[in-house]
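S.K.: Structure in structure tokens, see below.
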Amino acid sequence: MRSLRNFFLYKCLFALTFWNHVSLSVENELFTSVSNNSPEDGSDKKINSLPLLYANSHQSKANFDWVVIQNTTESLSLSEITNENVKRLVALLSNIRQGSRLQNLTLTNVSVDWNALIQILQTVWHSSIQYLSIKSVTQLSDIERCEFDYSGTSMKALIMEKVVITDLFFSQDDLYKIFADMNIAALTITDSKMIHMLCPSSDSPLRHLNFLKNDLTDLLFEKCDKLHQLETLILQRNKFESLLKVSFMTSRMKSLKYLDMSSNLLRHEGAGTQCQWAESLTELDLSSNQLTDAVFECLPVNIQNLNLQSNQISSVPRGMAKLKALTELNLALNHLADLPGCGSFTSLEFLNVEMNSILTPSADFFQSCPRVRELQAGQNPFKCSCELRDFIRGERQSGGRLFGWPAAYTCEYPEDLRGMQLKDFHLSELACNTALLLVTALLLTLVLVAVVAFLCIYLDVPWYVRMTWQWTQTKRRAWHNHPAEQETVLQFHAFISYSERDALWVKDELIPNLEKGEGCVQLCQHERNFIPGKSIVENIINCIEKSYKSIFVLSPNFVQSEWCHYELYFAHHKLFSENSSSLILILLEPIPPYIIPTRYHKLKALMAKRTYLEWPKERSKRALFWANLRAAININLPMADGRRF
Ligand SMILES: *[C@@H]1O[C@H](CO)[C@@H](O)[C@H](O)[C@H]1NC(C)=O
Ligand SMILES: *[C@@H]1O[C@H](CO)[C@@H](O)[C@H](O)[C@H]1NC(C)=O
Ligand SMILES: *[C@@H]1O[C@H](CO)[C@@H](O)[C@H](O)[C@H]1NC(C)=O
């Protein structure tokens, strides 16, 4: 009986406004509800006796009863609430008096009209229920103005999810007023295409408001000063456009701490009116909007945690107002080209700049931001060049404050290093330091010049090169002219090289002494055996080639003769190329080492070895000298009968 009384007591007044449109007949309304709420597979549901009218239109088990999902002393969860069973539901709820232990009521798949919904709410308002959830409200129709008795309630929170209104024309205020004036701590209306909400008509006890995923605009709570106690406001995924207006909205919410404005269409143009935020606001989520650098002109002064992820910020302006309390800043997924400094954020502890456009992050970040405990800078398109080395070095000094190191930090440029982890990227000091590079190049050039100069001046390398070239040329010509004689036939025992000034001694002493007697040493002497028409060099080479040994008559005169030096060089060349000891040195007069030109290093070396025969001044010793020399030359020529040139 009580339920009926309640029904009439709270029945909404049919205040017919001109918005009210075509009203459906009761039969039609019922019919619609029944047909939409009789599941084909409702086998587990109790079949009520049906009026004949409906029984005919539904061959299957039509069901006006709700489905119990949960039934405990503290919470009750029902599904499939329709206009048919709503009276019995209201009756049931009327029996849950205040003082009962039932706290939580959840209704799902609610397909009732506006009046029935208000009845349910009104009944719950005067029961022991503290948390009411109404999910999937389909076909909410016939919205009209109602009186609602908010007094003496246990209610703490109302959650409405997925409310679909089928009315096309109705006064929005009739709908919103009921919710705006609710004297509860938490109100959630989500996923309901709600386009507006009224400001409460008197000071509201609301502390948490959640209007996630609706169609709310900048007009929400304009100049509303009745939400003094509001602490949390979630307006994620709505249609807000102006950050300025959002700031004005919060300015009268004296207790607001957390505001979630993510996934809206927020912009801020900067110039002009100053933003006004609630001073109490400490946490603000502005992620996934369309904000640019100008957003930094419009931020709550006492903000501690700011999320600006997924916007269009390209830099943090230098001259922006200081945010002294800011400890956590998320700038991921923006267009930043460098790490922001900490000039404006003196308390910053956590910074996220992942997935921006940072090619070369400045290396002094950790120095300029000593309070930062964690920097997330991964997944940026790092350009692996000399400038980046400082950042990598900074990582080592940061003591693990770089979050995600090393996996999230890879080279993007240059192409050939793409994908390489920054920790594996090394460049030598030389490659990066231009001054050092220049100095090194200069030093190398100097050393090279010095070496070349030494080779040219001291060792007379060009001379040797020229001579070697002539040697090879001669050999080649010889090969072309007489290929058959390639196997050079030794025709002489020895070739004598001497200075023209020592010619007298050679002709008077050496040749007579060697060629006379039983050994019959055959000598190649340039005056006698040189072939006219050939160059001197060619003649020398020829003579040396055809001789078994080369005798050099050393004296200060020899040292001063360039031709003698040629001869010595070629003989030495032969010595090396044929690997035999064919040099015989006769020291005619002592040569003071200082008169040997420095470039005759070969001669110097030979002299130093002291492997020469000294010409004795005393006549008595000369016999031994000749014997020695003969022994040194002694060799049987293949053609000892001697064919002379
Ligand atoms: C819940 O269970 C109690 C008994 O356990 C029962 O009396 C009551 O009718 C049930 N409520 C509903 C809505 O089914
Ligand atoms: C009732 O609902 C609230 C909010 O959803 C929840 O925190 C609480 O644990 C629930 N109580 C019971 C007894 O289920
Ligand atoms: C609500 O109804 C839909 C279909 O209309 C069904 O799929 C879903 O399971 C129902 N929910 C509950 C909790 O019964």
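Please treat every number below as a calculation from the coordinates, not as lab data. Here the structure is a predicted model, which is why all the values come from computation and not from measurement. For neighbour counting, all protein chains shown are included, and Cβ atoms are generated from backbone atoms with ideal geometry for every residue, glycine included.
S.K.: Return Phe454, Phe365, Phe248 ranked ascending by Cβ neighbour count within 10 Å, so the fewest neighbours appear first. Let's see the in-between values first.
M.R.: Working: Phe454 11, Phe365 23, Phe248 18.
Least to most surrounded, the residues fall as Phe454, Phe248, Phe365.
S.K.: Shifting gears a bit: At q = 0.11, 0.14, 0.18 Å⁻¹, what is the base-10 log of I(q)/I(0) for segment 129-199 according to the Debye formula with one equal point scatterer per Cα and no solvent? Please give it to two decimals.
M.R.: Those come out to -0.27, -0.44, -0.75, one per q.
S.K.: Quote the relative contact order of segment 107-169 in percent (integer), defining contacts as alpha-carbon pairs under 8 Å separated by 6+ residues. Can you show the working numbers first?
M.R.: Numbers: 108 pairs, mean separation 26.5, N = 63.
Relative contact order of segment 107-169: 42 percent.
S.K.: Return the long-range amide H neighbours of Leu585 (sequence gap of 5 or more, or a different chain), with a cut-off of under 5 Å between placed amide H atoms.
M.R.: Phe552, Leu613
S.K.: Could you sort out which of Lys87/Lys213; Lys239/Lys324; Lys549/Lys609; Lys549/Lys602 sit more than 20 Å apart by Cα distance in this structure? Don't skip to the end; give the middle numbers.
M.R.: Numbers: Lys87/Lys213 32 Å; Lys239/Lys324 31 Å; Lys549/Lys609 18 Å; Lys549/Lys602 18 Å.
Flagged as over cut-off: Lys87/Lys213; Lys239/Lys324.
S.K.: Another one. Normalise the Cα radius of gyration of segment 84-211 by 2.2 N^0.38 Å (N = residues in it) and let me know the number. Each step should come with its number before you reach the end.
M.R.: Values: Rg = 13.8 Å, N = 128, 2.2 N^0.38 = 13.9 Å.
Compactness ratio reported: 0.99.
S.K.: Now a separate question. Please find the FRET efficiency linking Asp181 to Glu374, where r is the Cβ-Cβ separation and R0 is fixed at 35 Å, and quote it to the nearest 0.05. Kindly include the intermediate steps, with their values, before the conclusion.
M.R.: Working: r = 45 Å, r/R0 = 1.28.
After rounding to 0.05, the efficiency reads 0.20.
S.K.: Still on this structure: In whole angstrom, how far apart do the alpha carbon centroids of segment 358-430 and segment 137-159 sit?
M.R.: 57
S.K.: Now for a separate question. Starting from the alpha-carbon convex hull of segment 230-330, give the projected area averaged over all orientations, in nm². Mind dumping the intermediate values first?
M.R.: Details: hull surface 22.4 nm².
For the Cα atoms of segment 230-330, the hull's average projected area reads 5.6 nm².
S.K.: Of the DSSP beta bridges with both residues in segment 307-408, give the percent that are antiparallel, rounding to the nearest 5. It would help to have the intermediate numbers written out before the result.
M.R.: On the way: 0 of 9 bridges.
Looking only at bridges with both residues in segment 307-408, the antiparallel portion is about 0 percent.
S.K.: For Thr106, list long-range residues whose amide hydrogen, built 1.01 Å from N in the peptide plane, is under 5 Å from its own amide hydrogen.
M.R.: The answer is Leu76, Ser77, Leu78, Ser133.
S.K.: Hey, got the dipole for segment 148-233? About the Cα centre, +1 on K and R Cβ, -1 on D and E Cβ, debye to the nearest 20?
M.R.: On the way: 8 positive and 13 negative charges, 48 e Å.
Here the size comes out at about 240 debye.
S.K.: Kindly put Leu291, Leu230, Leu121 in sequence by how many other C-beta atoms sit within 10 Å of each C-beta, fewest to most.
M.R.: If I rank by nearby Cβ atoms, fewest first, I get Leu121, Leu291, Leu230.
S.K.: Are there GluC sites (Glu not before Pro) in segment 502-569 that DSSP marks as loop and that have at most 11 other Cβ atoms within 10 Å, and which are they?
M.R.: Working: sites: Glu509, Glu515, Glu518, Glu527, Glu538, Glu545, Glu562, Glu567; in loops: Glu518.
Here the sparse-neighbourhood loop sites are Glu518.
S.K.: A further question on this structure: Once you keep just the Cα pairs under 8 angstrom separated by 6 or more residues, what percentage relative contact order results for segment 199-278?
M.R.: Relative CO of segment 199-278 lands at 31 percent.
S.K.: If each of Arg528 and Ser315 carries a label point 7 Å out from its Cα toward its Cβ, how far apart are those two points in nm?
M.R.: 9.6
S.K.: Also, quick follow-up: What percent do you get for the relative contact order of segment 147-268 when only Cα pairs under 8 Å and 6+ apart count?
M.R.: Relative contact order for segment 147-268 comes out at 20 percent.
S.K.: Short version: ³J(HN,Hα) in whole Hz for each residue of segment 222-228, in order, from phi by Karplus 6.51 cos²θ - 1.76 cosθ + 1.60 (θ = phi - 60°), x for Gly and Pro, what are they?
M.R.: Here the 3J(HN,Hα) series is 5, 6, 9, 10, 9, 10, 5 Hz.
S.K.: Still on this structure: To the nearest 20 Debye, how big is the dipole of segment 295-428 about its Cα centre, given +1 on the beta carbon of each Lys and Arg and -1 on that of each Asp and Glu?
M.R.: On the way: 12 positive and 14 negative charges, 78 e Å.
Charge dipole of segment 295-428: 380 debye, to the nearest 20.
S.K.: Sequence-distant or interchain residues sharing an amide H contact under 5 Å with Val164, placed H: which?
M.R.: Placed amide hydrogens put Val137, Thr138, Gln139, Leu140 under 5 Å from Val164.
S.K.: Would any residue of segment 258-291 have its amide N under 18 Å from a label point 7 Å out along Cα→Cβ of Asp225? List them or say none.
M.R.: The answer is 276-280.
S.K.: Among Val452, Val112, which comes first, second and so on when ranked by fewest other beta-carbon atoms within 10 Å? Write out the running numbers ahead of the final one.
M.R.: Numbers: Val452 11, Val112 26.
With the sparsest Cβ surroundings first, the list reads Val452, Val112.
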